[in-house]
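A quick write-up on the structure given underneath.
The values are calculated or read from the model by the stated rules, or taken from the named source; none is laboratory data. Just so it is clear, the model here is predicted, and its values are computed rather than measured. Positions of Cβ are generated from backbone atoms using ideal geometry, with glycine treated the same way; all protein chains shown enter the neighbour counts. These area figures cover heavy atoms from the full protein model, side chains too; ligands, DNA and RNA do not enter into them. Shrake-Rupley method; radii C 1.70, N 1.55, O 1.52, S 1.80 Å.
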Amino acid sequence: MKKIKTIAISISIPKAQTLFSMVKSAFDERQNLQADALLCDVIAEIGEKREQLLKVASKKKESFSLKKQDEIRDKSVRAIFTILKGYALLPNEAKRNAAKNLLQALKNYSPSIAGETYAVESAHIKEVILMLSKEEHKSDVALLDGLGETVAELKKAEDDLMVMSVKGVEGKKSVSAYKLKNELVEIFNSKLVPYLNAASLIRPQEYAEFASYIAQLLSEAKR
């Protein structure tokens, strides 16, 4: 397995918010890692600092352009669940089973993620997109007319909103937000990265999958 690379200190605040939300969420979902006290402490430190960053850097949905873009994003994420629930009731067995398989894969998510804060919603949306993009789900997605296009629309809406958020936050030059973001990056680079790289080599059966997922999140964040 490739080693997890460190994050560049230049990562934008919105991207950092989303990345660390996904890291925390991924850890919380893996019960097999909860007994590792050291890892729990590092994740807790990341979680606490992330919450501070969210409070400082989060903005109310006051910008008209951001509001409109967020509405497009919300509409797309709701549409995905509407499509799946509709197909799950059809008499066509193949389409019905495909929809049920995807709903099961997305059992931890619901249309209510559209009501979350920008960063939390972005984290969940990226997770939904990643899940529907997995190789084992591609045939099911392709079988359901309109689903693939809706997922593509959601990804574009999310990417566009991220660009707009970066411009808005970067323009405000919030010193406290930058400081918190840099502290988060330092915790991640100096504590979590070396620990997971070492643990996945020593005990791959327990840590390799989580480390690989974190590496994937980093790769997505650098795009």
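For the range 19-150, taking Cα atoms only, what is the radius of gyration to one decimal and the Dmax to the nearest whole Å?
Using the Cα atoms of the range 19-150, the pair Rg, Dmax is 17.3, 51 Å.
How big is the dipole moment of the chain about its Cα centre under a simple scheme where the beta carbon of each Lys and Arg is +1, that of each Asp and Glu is -1, and everything else is neutral? Debye, nearest 20, please.
Details: 36 positive and 30 negative charges, 115 e Å.
Magnitude of the dipole: close to 560 debye.
If I stretch the segment between Cys40 and Glu135 completely, what's the gain in nm (0.36 nm per residue apart, minus their alpha carbon distance), one decimal?
31.1 nm
On a C-alpha basis, how far is the centre of the range 12-44 from the centre of the range 102-145 in Å? Whole number, if you could?
Cα centres, the range 12-44 to the range 102-145: 19 Å.
Remind me, relative contact order of the chain in percent, using alpha carbon pairs under 8 angstrom and six or more residues apart?
Computed value for the chain: 39 percent relative contact order.
Compute the distribution of all C-alpha to C-alpha distances in the chain, in bins of 10 Å from 0, and list the percent of pairs in each, rounded to whole numbers.
7, 31, 32, 22, 6, 0
Calculate the FRET efficiency for Gln216 and Thr117 from the Cβ-Cβ distance with a Förster distance of 22 Å, rounded to the nearest 0.05.
0.40
Rolling a 1.4 Å sphere over the protein heavy atoms, what is the accessible area per residue of the range 38-147, to the nearest Å²?
53
Label-point separation (nm) for Leu201 and Leu90, each offset 7 Å from Cα along Cα-to-Cβ?
5.0
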